[in-house]
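Taking it in order: structure first as C-alpha cells, then the write-up.
Rule-based calculations on the coordinates, nothing more; no lab input. Owing to the predicted nature of the structure, the values given are computational and were not obtained by experimental measurement. Note that we place each Cβ from the backbone using ideal geometry, even for glycine, and neighbour counts take in every protein chain shown.
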Amino acid sequence: MVFWMASAVGLVIAYFFGSTPTGYLAGKVLKGIDIREHGSESTGATNVLRTLGKWPALVVLLVDVLKGVAAIFFARWFFP
C-alpha cells in the first residue's frame, strides 16, 4: 500500500514539475508578454534568449535543469 501511495505522490510531483512553463512565466513576470506569441512561439530558453535577452534565458535554463534534477532527487527519495 505504501508503494502505491508513494507512486501516486511521485506522479503528482512529477506532473507539477513538468507542467510548469518556466519560459512563459519569465515572459509574463519580466515583460508582461506571452512568450508564445514572439520568436519561435515556444516557451524554451532559446526563445526567451531571442525575445528577452541573456539573463532571463539563463534563469529559465537553470530552473528547467533544476526541475529535472529535482525529479531525479524525488524519484531516488521515494524509491531508494
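To the nearest 0.05, what FRET efficiency results for Leu25 and Val2 with a Förster distance of 22 Å applied to their C-beta separation?
Values: r = 34 Å, r/R0 = 1.56.
With R0 = 22 Å, the Cβ-Cβ based efficiency is 0.05.
With the gyration tensor restricted to C-alpha atoms of the chain, the semi-axes of the equivalent ellipsoid amount to 31, 12, 8 Å, longest first.
Kindly provide the helix-only [θ] at 222 nm of the chain, computed as the sum of -39,500 (n - 2.57) over DSSP H runs of four or more divided by all residues, to the nearest 500 deg cm²/dmol? Don't jump to the answer; show the numbers that get you there.
On the way: 4 runs with 56 residues, N = 80.
Roughly -22500 deg cm²/dmol at 222 nm, from the helical runs in the chain.
Rounded to the nearest 0.05, what FRET efficiency do Phe73 and Ser40 give with R0 = 22 Å and r taken as the Cβ-Cβ distance? Could you check? Let's see the in-between values first.
Numbers: r = 31 Å, r/R0 = 1.39.
For R0 = 22 Å, the calculated efficiency reads 0.10.
For the chain, the membrane-span-like helices by this rule, meaning whole DSSP H stretches whose C-alpha atoms cover at least 20 Å of axis and whose Kyte-Doolittle mean is 1.0 or above, are 2-19, 54-78; this says nothing about an actual membrane.
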